[in-house]
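Just so it is clear, none of the values below were taken in a lab; they were calculated from the coordinates. Computed from a prediction, not measured in an experiment: that's the story for all the values here. Neighbour counts are summed over all protein chains in view; Cβ atoms, including those assigned to glycine, are modelled from backbone coordinates with ideal geometry.
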Amino acid sequence: MHERVVSKRVENGVPNARKGTVVCRRVAAAFSRALWTARGCKPAFLWDVNEPTDRAVADCLRLCSTTGDVRALRLGRDVLLCNVPETLRRLADAQLKFVDVSARLRSPRVLAMPPPGVADMLSLLKRRLAEAASWPAFRDAAFVDVVPADGDWNLCTAFGVLLGYPVVYWFDGGPDAANCLAMEELNVVRVRGAGRTPTEWDDVYSFSFPLTLGVELKPHVDSWWEQLRARGFELTRVDEVKCYPVVAL
């Protein structure tokens, strides 16, 4: 079925929401963005609209998982729709760049090795997704639950990896720890694709990297972009330099 027709069906059938309401439109827009994951353009989509109930997530899986590759991964209270083969490929990417933005630093720095605990995190994610790949796409339990083996993960880093960013931030401390990105010039990269209508665009990727590290990181990001374009997706990239008094990760 044509994706725009399916998207309209989602908007007309969102549970507990009247047609045309803000919630209804937001879920339909989220479905449109989730389709980029179903197509394999990005590894995962972070569910960021209404409460990710079993029913809502299962409905979205049925409508966008035309290949049977998409599963719903739950990390604590957060849910991501993951294209399992694409996510496993991403987790095996040795070219991923990690940037330490811990508050104790005067400026961000590129790490030569994965940060503490990240290797174990990636290993557990690979194992759980490999298990999920063997399960039926539509089963009674909509979610694949992932529980960290050794306490809390840095979810900023976990999401950066799973969402397919070529540059991923890491910082030490708990989930509410500060970082050193305040008033730091950032190269913000947005990759967009055609949305539900000819006049709408979806933000497929949106990430940043410190401008001061551009000599090392920009060629890496450019290479990632060329590889993405070479796969035949119709996308456009916009780069902007931004500076914020506070950066929440």
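For the reader, a short list of remarks on this structure follows.
- Of the peptides 86-94, 126-134, 185-193, the ranking by mean beta-carbon count within 10 Å, highest at the top, reads 185-193, 86-94, 126-134.
- Aspartates and glutamates whose Cα lies under 14 Å from that of LYS242, excluding same-chain neighbours fewer than 8 positions away: GLU184, GLU185
- Taking a Cβ cut-off of under 12 Å around LEU88, the surrounding Lys, Arg, Asp and Glu residues balance to a net charge of +2, with basic ones at +1 and acidic ones at -1.
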